[in-house]
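The values are calculated or read from the model by the stated rules, or taken from the named source; none is laboratory data. Just so it is clear, the structure is predicted and the values come from calculations on it, not from any experiment. Glycine gets a Cβ as well: all are built from the backbone with ideal geometry, and neighbour counts include every protein chain shown. Side chains are part of the model used for accessible areas, which takes the heavy atoms of the whole protein and leaves out ligands, DNA and RNA. Shrake-Rupley method; radii C 1.70, N 1.55, O 1.52, S 1.80 Å.
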Amino acid sequence: MSSHNEHKSMTLTLIVWRQKNATAQGKFDTYTAKGITEHHSFLEMLDVVNEDLIKGGKEPIMFDHDCREGICGMCSQVVNGVPHGGQERTTVCQLHMRKFKDGDTIYIEPWRARAFPIVRDLIVDRTALDTIIQAGGFTSCHTGGIPDGNAILISKPDADYAMDAAECIGCGACAAACPNSAAMLFTSAKVAQLAALPQGKPEASVRVKKMLDAHKECGFGNCSNHYECQAACPKGINVKFIAKLNREYLKAQFA
Amino acid sequence: MNFLKSSVGRKVLMAITGQLMVLFVVVHLLGNSTIFIGLINSYAEHLHSLGPFVWVFRLALLAMVLTHAYYGIQVTLENRAATPQKYAVNRQLKVSLAGSSMIWTGLTLACFIIYHLCHFTARLTSDVAGFAGQVPGDVYRMLVTSFSHGLTVFVYVAAMAALCLHLFHGIQSFFQTMGWNSECSLPLFSKLGKAVAVIVLLGYGSIPVAILAGILS
């Protein structure tokens, strides 16, 4: 009996955004997901639906995915109004169907922001995030011989702080969740990570200005301190890094 | 990019002007509270004895209000443009009513400031017409006359409710924008901001309500 219960199958109603390309008019279509178990991940559930669609000669639902381990930042779906589905510190690929009940209706939408044009269905173009990184999210250093281990000393608190910021996987959920479509949590994570380390300090003031300029030019909005980004972030990146970015920007005015 | 065009630069200007106005609001409240110990007329006379400094102060406040409102409206319009398509379902985990209504409470306050200046400073409205031209005159009598009308009391209390809501989000936002927040201080500043906002509402609200209720007459 118990083994039967474990594999109890669910039937769900999916209301999914379908859009042919960036310029086409999109709309919601309704699908029924049958034979879903609690062990399916959210993306596996969509795989099951897509197999049925393909067998029926229909276009499958297009969505971004890669590692399916919650570390690459490719998956990007707004599930029932929350990027990644609203389970704390969880990417949508790590969201499991045990969080849903038989008979549930689930809305699935793409990231919505001017800076993230829709490519197709649930896939959006996140080049804007790369543009921000290219503007200053790096350190310039001489290549050559391997540096000596421990030649540059970094305290444990600084290393931990930088690592916490570096946890960002660049999925864009912060901008998708932000009521202003600001990717400030993303931008601040890189600014804070590099500003905390000796290798990043020489370029800190140039970096923060250039990355903020790129953020604006990409069409993201302005941060107004709602902190919705932190709540939606699958890595739990803290808004203290946005405070750090603001501090770095103010410091850069005097540099 | 210029400081006044950048996302953070404009935010900092709004934060500083906003916080200076909060300080003004607190000092104004302390001054008004002298009504409860019967000293409001002498307080008003002292203020007006400062002569040209009154005008320096007024112009500084005007500059702060205009800067705060100009960038507030500009940034809000930019943010709307950045989100051309809304979600069909939007479950917000953290956004508060106070935060999402900043533009509306802000515009309400702008209208209230114009009314308030016409009312008690210029004394253009009919209820205080008898006090026009007297600087500062019998402020106590003017307040009692004016706040004996229920509608006037309602307008003032409603405006203070809008101010309370604005400060609920605004005060904690100042600390974040200036970069003075850490993981530990954010919840503290948030509570402090809410406490100040409630004190402002209760403090300012108590004067017209006390007059309407006949406690001050």
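Backbone phi angles across the stretch A:36-48, fed through the Karplus curve with coefficients 6.51, -1.76 and 1.60 (θ = phi - 60°), yield HN-Hα couplings of 8, 9, 5, 7, 5, 7, 4, 6, 5, 4, 5, 4, 4 Hz in residue order; Gly and Pro are listed as x.
When the surface is traced with a 1.4 Å probe over the full set of protein chains, B:His46 keeps roughly 130 Å² accessible. In summary, the aspartates and glutamates within cross-link reach of B:Lys194, defined as a Cα separation below 20 angstrom excluding same-chain residues under 8 places away, comprise A:Glu228, B:Glu183. Counting only residues at least eight positions apart within a chain, or on another chain, the aspartates and glutamates with an alpha carbon under 19 Å from that of A:Lys216 are A:Asp125, A:Asp130, A:Glu248, B:Glu78. Between amide H atoms placed 1.01 Å from N, distances below 5 Å from A:Val82 occur with B:Arg91, all of them 5 or more places distant or on a separate chain. In this view, the solvent-accessible surface of B:Tyr87, computed with a 1.4 Å probe and all protein chains in place, comes to about 40 Å².
Let me have the 222 nm mean residue ellipticity of the protein assembly as shown computed from DSSP H runs of 4+ only, each contributing -39500 (n - 2.57), with the sum over all residues rounded to the nearest 500.
About -16500 deg cm²/dmol.
Anyone know which of B:Thr105, B:Thr152, B:Thr83 comes out most mobile in the 10 Å Cα GNM of chain B? Looking only at B:Thr105, B:Thr152, B:Thr83, the biggest GNM fluctuation is shown by B:Thr83. The C-alpha atoms of chain B define a longest principal axis, and helix B:52-82 lies at about 30 degrees to it. Averaged per residue, the stretch B:59-143 has 57 square angstrom of accessible surface, using a 1.4 angstrom probe with ligands and nucleic acids left out.
Ranked by the mean number of other Cβ atoms within 10 Å per residue, highest first, peptides A:134-146, A:187-199, A:89-101, B:56-68 order as A:187-199, A:89-101, B:56-68, A:134-146.
Using heavy-atom solvent-accessible surface (probe 1.4 Å) with all chains present, what is the largest-first order of B:Val8, B:Val27, B:Val89?
B:Val27, B:Val89, B:Val8
Label-to-label distance for B:His116 and B:Lys191 is 2.9 nm, based on points extended 7 Å past Cα in the beta-carbon direction.
Computed in the context of the full set of protein chains, the accessible area of the stretch A:2-119 at 1.4 Å probe radius has 47% of its extent on carbon or sulfur. The interface between chain A and chain B buries about 3800 Å² of solvent-accessible area in total (1.4 Å probe, ligands and nucleic acids excluded). Split the accessible area of chain B by element, probe 1.4 Å, and carbon with sulfur accounts for 74%. For chain A, the longest principal axis of the Cα atoms and the long axis of helix A:184-195 meet at an angle of about 40 degrees.
For the stretch A:2-119, lysine pairs with C-alpha atoms less than 23 angstrom apart, excluding pairs fewer than eight positions apart on the same chain, total 11.
Of the residues B:Ile40, A:Tyr107, A:Ala243, the one whose Cα sits farthest towards the positive end of the charge dipole of the protein assembly as shown is B:Ile40 (charges of +1 on Lys and Arg Cβ, -1 on Asp and Glu Cβ, taken about the Cα centre). Rounded to the nearest whole Hz, the Karplus-based 3J(HN,Hα) values (6.51 cos²θ - 1.76 cosθ + 1.60, θ = phi - 60°) of the stretch A:150-161 follow the sequence 6, 5, 10, 7, 10, 5, 4, x, 5, 5, 5, 4, with x at glycine and proline.
At a probe radius of 1.4 angstrom, the accessible area of chain A per residue rounds to 46 square angstrom. Taking the longest Cα principal axis of chain A as reference, the axis of helix A:127-136 is set at about 10 degrees. Here the Karplus curve 6.51 cos²θ - 1.76 cosθ + 1.60, taken at θ = phi - 60°, turns the phi angles of the stretch B:158-166 into couplings of 4, 5, 5, 5, 5, 5, 4, 5, 4 Hz, with x standing for Gly and Pro.
Using a probe of 1.4 Å on the protein chains alone, the accessible area found for B:Trp104 is around 140 Å². Charge dipole of the stretch A:2-119 (Cα centre as origin; +1 on each Lys and Arg Cβ, -1 on each Asp and Glu Cβ, all else neutral): 360 debye, rounded to the nearest 20.
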